[in-house]
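Heads up: the structure comes next, in structure tokens.
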Amino acid sequence: MSTQQIQSSHPQYSTTQYLFYALIGFVIWISGVILVRLLGAAFFEPGSLLLLLLFGISLPTGVFLQFVMPKLIRIPIKDTLIPIVVMAGTALILDGIAIAFTDFYSADVAIKMTVGGWLLWTSGTQLVISLIIIGRTKVN
């Protein structure tokens, strides 16, 4: 496959679109901060059974988001990989800054570490879910 074929098979995004995807990532991050603050230590104590519930809920939530995002950003599902990476990347960068330099999530280091693990899990599973769903969409 030539370079021209590869480039033509991937959609091009404008700076405005990238900024919009980053803004959505910011909104997702803020939502995560609010969720963590609302759920509190009961969910994020290391070894909490409620934490297992959050890890499990992340999977169907990721599938749901993979089908909602294309409607929100108005592009076909087969073209959503780059926007999803921008959104997840933005949220991960903000999570890293928040965990390292603030007490947004908690002042307790053990809880911060647990929250960080959960955030990495949710971002990672979202990216894998996106790859699977987008891959199946292109084939079918």
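Can you report the number of residues in the stretch 64-79 which are crowded, with 16+ Cβ neighbours inside 10 Å and within 13 Å of the chain's Cα centre (by Cα)? Selection size over the stretch 64-79: 3. Taking first residues from the stretch 60-88 that are over 16 Å from T125 (Cα atoms) and without any contact (Cβ under 8 Å) to a residue 60 or more places away in the chain and partners that are part of a helix (DSSP H, G or I) and β-branched (V, I, T), the Cβ contacts under 6 Å between residues at least 6 apart in sequence or on separate chains come to P70/I77. Does K112 satisfy the criteria of being free of Cβ contacts under 8 Å to residues at least 60 places away in the same chain, of a type in the set (K, R) and either assigned to a helix (DSSP H, G or I) or over 14 Å from S31 (Cβ atoms) (or both)? It is true that K112 is free of Cβ contacts under 8 Å to residues at least 60 places away in the same chain, of a type in the set (K, R) and either assigned to a helix (DSSP H, G or I) or over 14 Å from S31 (Cβ atoms) (or both). Count of the stretch 91-103 residues, restricted to those that are surrounded by 20 or more Cβ atoms within 10 Å (Cβ to Cβ) and either over 21 Å from T16 (Cα atoms) or hydroxyl-bearing (S, T, Y) (or both), is 2.
Just to verify a result, which residue in the stretch 1-49, among those that are outside any helix (DSSP H, G or I) and farther than 22 Å from L119 by Cα, is modelled with the lowest pLDDT? The selected residue is M1.
In summary, D103 fulfils each of the numbered conditions (1) over 13 Å from the mean Cα position of the chain (by Cα); (2) closer than 15 Å to G25 by Cβ; (3) of a type in the set (D, E) with the single exception of condition (2).
The values are calculated or read from the model by the stated rules, or taken from the named source; none is laboratory data. Everything numeric in this text was worked out from a predicted model, so none of it was measured. Cβ atoms come from the backbone with ideal geometry, glycine included; neighbour counts cover every protein chain shown.
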